[in-house]
Amino acid sequence: MMMEIENLHTKIGDKEILKGLDLTLEKGKVHAVMGPNGAGKSTLSKAIVGHYDIEVSGGDIRYRGESILDWLPEKRALEGIFLSFQNPVEVPGVNNAYFLRTALNAKRAYKGLEPLNAAEFLKLLRKKLDELGISPDFVQRSLNVGFSGGEKKRNEVLQMHLLEPDLIILDEIDSGLDVDALRSVAEAINAIKSPERAFLVITHYSRILDYISPDYVHVLRDGRIIETGGPELVPRIEAEGYKIFGEETS
């Protein structure tokens, strides 16, 4: 297993958000988590990466068999947990290529590998850009500055492609994308699927799942996973809403 989340309880301030959530993520599989607004979807992603807003008040998160609750966010990232943000931040004055090289060399140093020099990195970067169909001009701009919504999300995919994480969390990556941009981002994500890599796709709507076919669909409501099934759950949710799983409780 890639990750096991057991009886997870979380708080933001005094408010309990996750209320005994159980979820297992398998290697080589795409797990989709769907649920209404306020169900706790983004809280789940933040709890996995160790976001400072989230207090874990009970339960455990095990990554490759080891509890990560005491790991700093930096260690979780270096160990291969990647979160794609809903709204990636703009960083004026920081060249995109420089940022990518710094991030990659930080991971290489953590793994005991020699850093890539500028020439080595540029060769690798050109290869990854070509594989994803992204123009080289894309990485010469400041990080996310002036990027469209689709460009920001494609930049996140480029980061994934370079850093090669083991667990990729896509938190509503379809947010704000038109159909063409969504298809482009989804194709780039499909290009990095691997038997050794797990995806957790968190979404409110089903449209991203038309392009990234999930192996499992988990329904999150009121802080718990209340239903797990295959991709056949998606059209049912789309047609009838979350009421098909019974009344919400608190």
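Among the residues of the range 180-209, which ones are assigned to a helix (DSSP H, G or I) and of a type in the set (A, V, I, L, M)? Break it down stepwise before answering.
Keep residues of the range 180-209 that are assigned to a helix (DSSP H, G or I), which gives 180-190, 207-209.
Matches in the range 180-209: A181, L182, V185, A186, A188, I189, I208, L209.
Restricting attention to the range 146-155, does a residue exist that is among the hydroxyl-bearing types (S, T, Y) and either assigned to a helix (DSSP H, G or I) or surrounded by fewer than 19 Cβ atoms within 10 Å (Cβ to Cβ) (or both)?
First pass over the range 146-155, keeping only residues among the hydroxyl-bearing types (S, T, Y): 148.
The next check asks that each one be either assigned to a helix (DSSP H, G or I) or surrounded by fewer than 19 Cβ atoms within 10 Å (Cβ to Cβ) (or both); those that pass are 148.
Yes, the conditions are met somewhere in the range 146-155.
For the range 117-124, state whether one or more residues are in a loop (DSSP other than H, G, I, E, B), of a type outside the set (A, V, I, L, M, F, W, C) and either within 20 Å of the chain's Cα centre (by Cα) or at pLDDT 90 or above (or both).
Kept after step one, since they are in a loop (DSSP other than H, G, I, E, B), are these residues of the range 117-124: 117.
Imposing the further condition that a residue be of a type outside the set (A, V, I, L, M, F, W, C) reduces the set to 117.
Filter once more, keeping what is either within 20 Å of the chain's Cα centre (by Cα) or at pLDDT 90 or above (or both): 117.
So far as the range 117-124 goes, yes, one or more of its residues are in a loop (DSSP other than H, G, I, E, B), of a type outside the set (A, V, I, L, M, F, W, C) and either within 20 Å of the chain's Cα centre (by Cα) or at pLDDT 90 or above (or both).
Pick from the range 1-15 the residues that are farther than 30 Å from S194 by Cα and surrounded by fewer than 16 Cβ atoms within 10 Å (Cβ to Cβ): which of them is nearest to the chain's Cα centre (by Cα)? So that I can check it myself, show each step before the final result.
Step one: list which residues in the range 1-15 are farther than 30 Å from S194 by Cα, which gives 9-15.
Imposing the further condition that a residue be surrounded by fewer than 16 Cβ atoms within 10 Å (Cβ to Cβ) reduces the set to 12-15.
Values: I12: 20, G13: 24, D14: 26, K15: 24 Å.
Across the range 1-15, the extreme among qualifying residues is I12.
If you check P92, P36, P73, which single one turns out to be in contact (Cβ under 8 Å) with a residue 12 or more places away in the chain, touching a helix residue (DSSP H, G or I) at 6+ places or on another chain (Cβ under 7 Å) and more than 19 Å from V217 (Cα to Cα)?
Numbers: P92 fails: touching a helix residue (DSSP H, G or I) at 6+ places or on another chain (Cβ under 7 Å); P36 fails: more than 19 Å from V217 (Cα to Cα).
Just one listed residue meets the conditions, P73.
Counting only residues that are out of contact with any Phe, Trp or Tyr (no Cβ under 8 Å at 6 or more places or on another chain) and part of a strand (DSSP E or B), which one in the range 83-105 is modelled with the highest pLDDT?
The selected residue is L83.
Could you list, ordered by first residue, the pairs with Cβ atoms under 8 Å in which the first is in the range 1-22 and without any contact (Cβ under 8 Å) to a residue 60 or more places away in the chain and over 19 Å from I226 (Cβ atoms) and the second is of a type in the set (V, I, T) and part of a strand (DSSP E or B), at least 6 apart or interchain?
Between residues of the range 1-22 that are without any contact (Cβ under 8 Å) to a residue 60 or more places away in the chain and over 19 Å from I226 (Cβ atoms) and residues that are of a type in the set (V, I, T) and part of a strand (DSSP E or B), the close pairs are K11/I17.
Does the range 167-179 contain any residue that is over 24 Å from M34 (Cα atoms) and in a helix (DSSP H, G or I)?
Within the range 167-179 (the criterion being over 24 Å from M34 (Cα atoms) and in a helix (DSSP H, G or I)), the answer is no, since none of the residues qualifies.
Scanning for something part of a loop (DSSP other than H, G, I, E, B), of a type in the set (A, V, I, L, M, F, W, C), at pLDDT 95 or above and closer than 26 Å to I212 by Cβ, does the range 2-24 turn up at least one residue? Show your work before the answer.
Here is the first cut: in the range 2-24, the ones part of a loop (DSSP other than H, G, I, E, B) are 2, 13-14.
Among the residues that remain, those that are also of a type in the set (A, V, I, L, M, F, W, C) are: 2.
Retained after the next criterion (residues that are at pLDDT 95 or above): 2.
Still in the running and closer than 26 Å to I212 by Cβ: 2.
Yes, there is a match, as at least one residue in the range 2-24 is part of a loop (DSSP other than H, G, I, E, B), of a type in the set (A, V, I, L, M, F, W, C), at pLDDT 95 or above and closer than 26 Å to I212 by Cβ.
Within the range 25-55, how many residues turn out to be of a type in the set (G, A, S), surrounded by fewer than 22 Cβ atoms within 10 Å (Cβ to Cβ) and not in a helix (DSSP H, G or I)?
Pass one, the range 25-55, residues of a type in the set (G, A, S): 28, 32, 35, 38-40, 42, 45, 47, 50.
Imposing the further condition that a residue be surrounded by fewer than 22 Cβ atoms within 10 Å (Cβ to Cβ) reduces the set to 28, 38, 42, 50.
Going one step further and asking which of them are not in a helix (DSSP H, G or I), we end up with 28, 38, 50.
Qualifying residue count, the range 25-55: 3.
Here are Q86, Q140, Q159: which of them is over 22 Å from the mean Cα position of the chain (by Cα) and touching a residue at least 40 places away in the same chain (Cβ under 8 Å)? So that I can check it myself, show each step before the final result.
On the way: Q86 fails: over 22 Å from the mean Cα position of the chain (by Cα); Q159 fails: over 22 Å from the mean Cα position of the chain (by Cα).
None of the other options fit; the residue is Q140.
The values are calculated or read from the model by the stated rules, or taken from the named source; none is laboratory data. All of these numbers come straight from a predicted model, not from anything done at the bench. Neighbour counts run over all protein chains shown; Cβ positions are idealised from the backbone, glycine included.
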